[in-house]
Amino acid sequence: MKEKKPSGFKRLMDYAGNHKKLTYLSLALSFASSLVALLPLIMIYNIIKEAIAVAPDFSEAKHIVSNGIFAVLFALLSMLIYVAGLMLSHKSAFRIAGNIRKAMIEHIRLLPVHFSEDFGSGKLRKIINDSSSAAETYLAHNLPDMAGAAATPLGLLVIMLVYDWRYGLVCLIPIVLAFVSMSKMMGPKMQEDMKLYNDALEDMNNNAVEYVRGIPVVKTFGQTVHSFSRFKKTIADYSTFCITYTKRMRQPMLLFQLFINSTFAFLIALVLIFSKGANITEDLVLNFLFYVIITPVIATTLSKVLFMSEGGMTVADAFQRIDSVLEIPPLDEAAQSELPDHYSVKFDHVSFRYKGSKAPALDNVSFSVENGKTLALVGPSGGGKTTAAGLISRFWDVTGGSITIGGVDVRNIKTENLMNMVSFVFQDSKLLKTSVLENVRLAKPEAGYDEVIRALHKAQCDDIIQKLPNGADTVIGTKGIYLSGGEQQRIAIARAILKNAPVLILDEATAFADPENEYLVQKAFAELSKNKTVIMIAHRLSTVKEADHIIVLENGRIAEQGSHAELAARDGLYKKLWDNYNRSVSWKVGA
């Protein structure tokens, strides 16, 4: 039997910590505020009643001014209580939303590095931001308003039945009819619609991110948005859902608005019945006026209830999405972490298959690279080169075989220790919108200024620093401060130099560099690779000629291996790739 999960409110309180009492106090204050807000209506009724009683000699009225003052005071008191409640609810809501985000980020930190690519970066960003924001809105506004919305009908019911139970019962008729209409827009079906709505938004967000990232390709090849059929389809699906949902809600919403605003008509009918069309007494008029004054509050309250019920469903859906992240199992950590005494890397009959893929990305692959040596992985796209490199740092875990560093299985090394052992330089290095200094210092937060500058110098970044207005303290991405792909690569290399990890993985690290930058990047690599175990992935085969050993991967298997001279002398896949590369670099544009 499937275990029933706690309610959204219970889940929120689990994240509240010491601020839980603030939430409960805010609900109590909102409840009290709504009750106090009813008192000015009674004061207004008393003013009208006295005015009618003394008319036309209004000088006889003794309590109109005092009732007016009390009406204002009660209104101000209600506002003050409500504001105090909101201040408490906001303080609690901000803390709870922050705790939810921290819990998610902490969990994500324990997940495989590449999980976000499988999950969808746009979808993940939306869950972290929007789901926690939904919880914040619910706690800060919806819950206090719900407490107030619960207090108002209770107070109104008492008042309506005490003043004249007949009028009170008549006023309940449109309320009941409105609730029946409201039920058509609530319940499990609305919860399902809420999920479909957020699914549609997530799909659009994911595909929008993919589209934006692909804009350079679209512009280069003169394509249009229709090239991104999935993005176009998600927009169309979202539009279709919204239109269909709106049409389905049209009738119940119309009836709801009709009934909650028809109390006045029911009151007129009752007056006509009581007066029998002729005998209209002063008490009848006074009671009629009293209920005319208070019944508009019913419409306002029921409208609040309708829209606030959506808030509860939004939170329930938000937690389902939060759980979709929190329920992803983290990497298994060894009970006793082992540390290698050297840094040779060995693949022993390694196999790996991506989730949902029919063919393995790697199939029974075995090779090794000795401590301090350089191994190159080459081959056609999709051969498994990047997958093999990612498995070393447990971006994923192998599905068969084992990978060892210094004879120790990487699964038996604590993740933090493993991350300190391995540095990556990717083909598309990511720099944050902060200073060059802080971008490099990410690799070693405790590093001093001079240590970072030395790393930048070794990475051939002197020319970059000199041209920036504030040197290494210049913030990237502001006021027109942008770096080319090759320049970003050199900053990333400086980061790796600062980290000084014994195992270095270079994944197409010169792919986006122009000739000048490639020369400087290669010089930086020479500095970076000193005394390290290096595994490099490259399509530009000129960069792997000096590697100690070359592995040629094709369709997840080792096609051949050896030194550059050995492989180039054979009539195999490497020779074919090498010949194709040489022909490509000799191409010239004709006159």
Unmet requirement for H107, which otherwise passes all of (1) under 30 Å from T415 (Cα atoms); (2) touching a Lys or Arg at 6+ places or on another chain (Cβ under 7 Å); (3) modelled with pLDDT of 85 or more
(2)
I'd like the full set of residues that are surrounded by 16 or more Cβ atoms within 10 Å (Cβ to Cβ), in contact (Cβ under 8 Å) with a residue 40 or more places away in the chain and either small (G, A, S) or in a helix (DSSP H, G or I) (or both), limited to region 421-455.
M421, S423, S429, S435, V436, N439, V440, R441, A443, A447, V452, A455
Test A97 against the stated conditions and say whether it is surrounded by 18 or more Cβ atoms within 10 Å (Cβ to Cβ), in contact with a Leu (Cβ under 7 Å, 6 or more places away or on another chain) and at pLDDT 80 or above.
no
Give me the residue from region 258-299 that is surrounded by fewer than 16 Cβ atoms within 10 Å (Cβ to Cβ) and not hydrophobic (A, V, I, L, M, F, W, C) and, out of that set, modelled with the lowest pLDDT.
G277
Inspect region 399-416 for any residue being part of a loop (DSSP other than H, G, I, E, B), of a type in the set (S, T, N, Q) and more than 29 Å from the chain's Cα centre (by Cα) and give the result as yes or no.
yes
Answer yes or no: is there a residue in region 245-256 that is under 30 Å from F119 (Cα atoms) and modelled with pLDDT of 70 or more.
yes
Sort out which residues of region 47-63 are surrounded by 16 or more Cβ atoms within 10 Å (Cβ to Cβ) and either without any contact (Cβ under 8 Å) to a residue 60 or more places away in the chain or among the hydrophobic types (A, V, I, L, M, F, W, C) (or both), and write them in order of number.
I47, I48, E50
Does A388 satisfy being closer than 30 Å to I464 by Cβ, touching a Leu at 6+ places or on another chain (Cβ under 8 Å) and either crowded, with 17+ Cβ neighbours inside 10 Å or of a type in the set (V, I, T) (or both)?
no
Between a first residue in region 336-361 that is closer than 16 Å to D397 by Cβ and a second residue that is assigned to a loop (DSSP other than H, G, I, E, B) and of a type in the set (G, A, S), which pairs have beta carbons less than 6 Å apart while being 6 or more apart in sequence or on different chains?
F352/A361; Y354/A361; P360/G556; A361/G384; A361/G556
Flagged in region 456-480 as touching a Leu at 6+ places or on another chain (Cβ under 7 Å) and part of a loop (DSSP other than H, G, I, E, B), in numbering order, are Q460, T474, I476
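Do you know which of the residues in region 17-34 that are crowded, with 18+ Cβ neighbours inside 10 Å and among the hydrophobic types (A, V, I, L, M, F, W, C) is nearest to A151 (Cα to Cα)?
It comes out as F31.
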Please go through region 69-117 and pick out each residue that is hydroxyl-bearing (S, T, Y), without any contact (Cβ under 8 Å) to a residue 60 or more places away in the chain and under 18 Å from A147 (Cα atoms).
S78
Among the listed residues S92, S78, S131, identify the single one that is in contact with a Lys or Arg (Cβ under 7 Å, 6 or more places away or on another chain), surrounded by 16 or more Cβ atoms within 10 Å (Cβ to Cβ) and not assigned by TED's automatic domain parsing to the domain that holds D397.
S131
Matching entry among K10, K91, K21, K102 (being modelled with pLDDT under 90, of a type in the set (K, R) and more than 23 Å from the chain's Cα centre (by Cα)):
K21
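The values are calculated or read from the model by the stated rules, or taken from the named source; none is laboratory data. From a predicted model like this one, the values you see are computed outputs, not experimental measurements. We place every Cβ from the backbone using ideal geometry, glycine too, and count neighbours over all the protein chains shown.
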